[in-house]
Ligand code: PRX
């Protein structure tokens, strides 16, 4: 998408103010915006002081060496203590922290006191395996309580976790483990998905067998009870290692800027970026946003975020935000439609879920299945609904509110990224008059702008590029091992402006007549498939790694359910082209991408073509391919070397 084409097609007049009762009782009251505007840094310092600091900080922000920010840097805290021991000490140890629901129907409720003990034992065990401050631990687990326990135990020791989504392939695990030089991998034999056990440990074995590795041990949680291969001396059962380990563990205070985790995400090049987050600022903003955006009343609410812990949403709004706030939450292992398409609604009914946070792609799939399914469950406990991951179209927004929310619940559309660590733009449910399809307002204490390519503010009723103009507590602190890439990727686009440095998020946005922000999607070579980021280059690299492929181009084509879908165009190697049919090649290559990256990256379609459209300078014109993939009239071809190429691709597809 070019800036000139960024504009909103949305003419949405429906408005949904909060009810007077909701507004009166809301956690966030209108004065919060004034407080933040009056003194932004004092506002964040006050939020940070709601955490437990072992050594109080005296300096809020050090921005003397941009873009490297330091927040609350002379304070010390223990992140796990803030999520656990603090609540037990405050007398709420008996509150359920996690209602865990396994896909086959097994379940477990864990109180704060129990979770604290489990994390202490796990921390002692990890320390016994040599894990200490700064060490990297890769976590490749299903959504089971041990995933949360492992993350918190790593955090408790001041070590750094790198959670790898359970759907990623051996190749992806290898790249991530290698980039971070992880010394320990925590995995499971398998997990439950769509009524079957899917193996996990095998992928870790394959990843580590592919060459020299920094990994000394693999800890294996028993979940799927499927057969696993075993490497003596390296592999250890989680439950055996915990036997007889003490549940006494003093939380050490670490500097606020002690790294907490690395999470890999797709960028515009083939190599995933290890986004680095640190402790004090991250926890401050995760906890603050969780409480205010979802209007959390921890004594009475039951919260459920459907994200996998392998994504940033799972980090900030399953683990750190809710636990820092002492919330009771649901954690569900499986898929929404197993064993029946009403599983999610059944879970809401079972636990009396009152706050629900999910992605537009899920909402759209439920819309397709029809309202009868949710309407056959009691969803009356719900009082706040959230959306994240991609733009939510107004129809899905309204359906969500009407059918899931009984026509009364506020819906908050939350914009943020792996890099931002926590929610940046969102309505506040007791204050904002909601507009379907719009994230609307920056959070208190957050400053954003929408600029044109030259860096000029676009004004109202105009579109441009979304930037963040001031540092924020949960901002990424860098890309693991690559400070230059950090500068280039996020801070170089508007480096020439006097009011810089500005963070460029990679998204297009539109300001409406009220000055509210509506997000329009990525403007770079990053696709958004079901709310997950995938880079066109990453998938192209996977395709050309197959021996039959000479050249590949990948685009994100709009898709009714997943937002965007991966569509690939490939040229086969002359020698191999004759030996397979286009259909065989397509099937083979879709599978190959799934093996190289993971099933989420599997292209919806792979078209075998004779040529790819290129500019005179040799760049593939993805915009044209996107037009073709979406069946649109072809746009401007004046810079194309050979206009016939497009006609010939069209011919292949007809
Ligand atoms: O394009 C935006 C889109 O998701 C991207 C960030 O992806 P990721 O780092 O995987 O984090 C997803 C969960 C926070 C953004 O650059 N995005 C996320 N939330 C929204 C969104 N686009 C529009 N509206 C949203 N609410």
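The values are calculated or read from the model by the stated rules, or taken from the named source; none is laboratory data. No experiment lies behind these values; they were computed from the predicted model shown. Note: ideal-geometry Cβ built from the backbone for every residue, glycine included; neighbour counts use all protein chains shown.
Checking each residue in region 501-522 for being outside any strand (DSSP E or B) and either touching a strand residue (DSSP E or B) at 6+ places or on another chain (Cβ under 9 Å) or within 13 Å of the ligand (Cβ to nearest atom) (or both) picks out 502, 512, 514, 516. Restricting 202, 253, 267 to those that are closer than 24 Å to residue 126 by Cβ, surrounded by 15 or more Cβ atoms within 10 Å (Cβ to Cβ) and in contact with a strand residue (DSSP E or B) (Cβ under 6 Å, 6 or more places away or on another chain) reduces the list to 253. Would you confirm whether or not region 148-157 contains a residue that is surrounded by fewer than 24 Cβ atoms within 10 Å (Cβ to Cβ), modelled with pLDDT of 95 or more and not in a helix (DSSP H, G or I)? Checked against the condition, which is being surrounded by fewer than 24 Cβ atoms within 10 Å (Cβ to Cβ), modelled with pLDDT of 95 or more and not in a helix (DSSP H, G or I), region 148-157 yields no hits at all.
In the set 530, 535, only one residue is within 16 Å of the ligand (Cβ to nearest atom), closer than 25 Å to residue 464 by Cα and out of contact with any helix residue (DSSP H, G or I) (no Cβ under 7 Å at 6 or more places or on another chain); that residue is 535.
Identify all residues within region 435-467 that are touching a strand residue (DSSP E or B) at 6+ places or on another chain (Cβ under 6 Å) and closer than 25 Å to residue 318 by Cα; write none if there are none. Listed by number, the residues that qualify are 438, 439, 442.
Looking across region 317-331, the residues that are out of contact with any strand residue (DSSP E or B) (no Cβ under 6 Å at 6 or more places or on another chain) and within 16 Å of the ligand (Cβ to nearest atom) come down to 319, 320, 321. Given the criteria touching a residue at least 40 places away in the same chain (Cβ under 8 Å) and more than 30 Å from residue 156 (Cα to Cα), does residue 343 qualify? No; evaluated as a whole, the condition is false for this residue.
The single condition from (1) surrounded by 21 or more Cβ atoms within 10 Å (Cβ to Cβ); (2) more than 27 Å from residue 159 (Cβ to Cβ) that residue 277 fails is (2). Modelled with pLDDT under 95, surrounded by 23 or more Cβ atoms within 10 Å (Cβ to Cβ) and within 15 Å of the ligand (Cβ to nearest atom): does that describe residue 425? Spelling it out, it is not the case that residue 425 is modelled with pLDDT under 95, surrounded by 23 or more Cβ atoms within 10 Å (Cβ to Cβ) and within 15 Å of the ligand (Cβ to nearest atom). When each of 542, 557 is tested for being assigned to a strand (DSSP E or B), in contact with a helix residue (DSSP H, G or I) (Cβ under 6 Å, 6 or more places away or on another chain) and at pLDDT below 95, the lone residue that passes is 557. Among the conditions (1) near the ligand (Cβ under 10 Å from one of its atoms); (2) under 28 Å from residue 19 (Cβ atoms); (3) not in a strand (DSSP E or B), the only one that residue 430 does not satisfy is (1).
Matching residues to (1) at pLDDT 95 or above; (2) surrounded by 17 or more Cβ atoms within 10 Å (Cβ to Cβ); (3) in contact with a helix residue (DSSP H, G or I) (Cβ under 9 Å, 6 or more places away or on another chain):
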position	(1), (2), (3)
408	yes, no, yes
430	yes, yes, yes
440	yes, yes, no
449	yes, yes, no
464	yes, yes, yes
487	yes, yes, no
495	no, no, yes
507	yes, yes, no
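Count of region 472-500 residues, restricted to those that are within 20 Å of residue 281 (Cα to Cα) and in a loop (DSSP other than H, G, I, E, B), is 7.
Of the listed requirements (1) touching a residue at least 24 places away in the same chain (Cβ under 8 Å); (2) in contact with a strand residue (DSSP E or B) (Cβ under 8 Å, 6 or more places away or on another chain); (3) not in a helix (DSSP H, G or I), residue 92 misses just one: (2). In summary, strands (runs of 3 or more DSSP E) completely within region 313-390 and bearing 3 or more residues that are farther than 26 Å from residue 196 by Cβ occur at 355-358, 384-388. The listed residues are 406, 389, 421, 430, and the only one of them that is more than 23 Å from the chain's Cα centre (by Cα) and on the phi > 0 side of the Ramachandran plot turns out to be 406. Filtered by the rule that a residue be within 16 Å of the ligand (Cβ to nearest atom) and either under 15 Å from residue 407 (Cβ atoms) or surrounded by fewer than 16 Cβ atoms within 10 Å (Cβ to Cβ) (or both), region 370-393 gives 384, 385. Answer with yes or no whether residue 567 is within 16 Å of the ligand (Cβ to nearest atom) and in contact with a strand residue (DSSP E or B) (Cβ under 8 Å, 6 or more places away or on another chain). No; evaluated as a whole, the condition is false for this residue. State yes or no: is residue 444 more than 14 Å from the ligand (Cβ to nearest atom) and surrounded by 24 or more Cβ atoms within 10 Å (Cβ to Cβ)? Considered against the rule, which asks whether it is more than 14 Å from the ligand (Cβ to nearest atom) and surrounded by 24 or more Cβ atoms within 10 Å (Cβ to Cβ), residue 444 comes out as no. Quick check on this structure: which one of 334, 314, 281, 310 is within 29 Å of residue 596 (Cα to Cα), touching a strand residue (DSSP E or B) at 6+ places or on another chain (Cβ under 8 Å) and away from the ligand (no atom under 16 Å from the Cβ)? When all the criteria are applied, what remains is 334. Can you find a residue in region 586-604 that is in a helix (DSSP H, G or I), buried (at least 21 other Cβ atoms within 10 Å of the Cβ), touching a strand residue (DSSP E or B) at 6+ places or on another chain (Cβ under 6 Å) and touching a residue at least 12 places away in the same chain (Cβ under 8 Å)? Yes, that holds for at least one residue. Each residue in region 400-421 was checked for being more than 9 Å from the ligand (Cβ to nearest atom) and within 19 Å of residue 281 (Cα to Cα), and 1 pass.
The residues of region 608-623 that are touching a helix residue (DSSP H, G or I) at 6+ places or on another chain (Cβ under 9 Å) and exposed (fewer than 13 other Cβ atoms within 10 Å of the Cβ) amount to a single one, 610.
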